[in-house]
Structure formats: C-alpha cells, structure tokens
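The values are calculated or read from the model by the stated rules, or taken from the named source; none is laboratory data. Source: prediction; values computed, not measured. Glycine also receives a Cβ, built like all others from the backbone with ideal geometry; neighbour counts cover every protein chain displayed.
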Amino acid sequence: MNYLAHAYLSFGNEEILLGNMTSDFIKGKKQFLYPPVVHKGILLHRAIDDFTDTHPVTQKAKSVFKAAYRLYSGAFIDVVYDHFLAIEPTSFANEAALYDFSQATYQQLEKQKPIMPPQFEHLFFYMQSQNWLYGYRTLPDLSKFWRVGEKSRIFAG
C-alpha cells in the first residue's frame, strides 16, 4: 500500500522504479526473469519493507490498529507513512511538486508496461486513472484506502 514511498525511493531510475513498484506481484524465482536493474528494484522494495516492517516505531504504530483490523494494521500504517511523505515539505515543497512527481512516475511506468506483471498492470490502470500517488496528500482520498481495508476486513470474517 505504500506506493508513494517506493516510487520516491527509486530516485528517478525507471527500471528501479518498475521493480520497486511491482515486487509484491513477483514471487519466488520469477524475480530472476527481469532485467538486472529491475531485479535490483525488486530487491530494494523488499529491503525497504523489511526495514520498515521490523522497525520498533512501526511495530508500535501497528498496535494502534491491530485490535480492530488485525492483519490489515500494517497496510494502514503504510498508507499513513505515505500520507506523511506526501505532505512533508522537504520531500514535496507543495501540491504541484507532488502532482508533477506522480505524473512523471506514471509516465515512467507506462513505458515499461510490456514487462509489468499482469496483476500490477491491472492495478496500475486504477492507480494512474485515480492518481493514487497524489491522493496520499488529502484526507478525503485517504478515506478510500480505509474503506478498501474495512471491506477486506469484513470479507475476512
């Protein structure tokens, strides 16, 4: 769920970006089927997730949501982290900077559609058309992520 952070931490490299954004959709040995720089992006994504998921601050933050949302507490924290990144002035000086970053990210990903995992390509359509990366900035757009999580919790029983 923390797509903005993964895009931001790709540092403008298109192939790193593709691996970093799609890693959750690439399982096992399939990671080795991608070009070497894309593979580095896949590994970067996993290193970022490992760092944040095991960090004591993240563990404490997840505990706030755990009682109500159990396994989805981590996804909520990812969204919260992306929200703070989106509004952080040292990362994005203003709304226009975040908007420009989101559009540049979509353009870089669009060029690489032929090698995207099919599941991510499907998700990417919605990410781009609804401008999810920019949406992390505003509370009304964030509420969409909460509703998705709540629906998932209901179906999970």
| query | Could we say that Val64 is farther than 22 Å from Gly135 by Cα, of a type in the set (A, V, I, L, M) and modelled with pLDDT of 95 or more here? | reply | no
For region 45-93 the number of residues that are under 29 Å from Glu15 (Cα atoms), charged (D, E, K, R) and either touching a residue at least 60 places away in the same chain (Cβ under 8 Å) or touching a strand residue (DSSP E or B) at 6+ places or on another chain (Cβ under 6 Å) (or both) is 2
task: For Ala96, indicate whether it is of a type in the set (A, V, I, L, M, F, W, C), out of contact with any Gly (no Cβ under 8 Å at 6 or more places or on another chain) and without any contact (Cβ under 8 Å) to a residue 12 or more places away in the chain.
output: yes
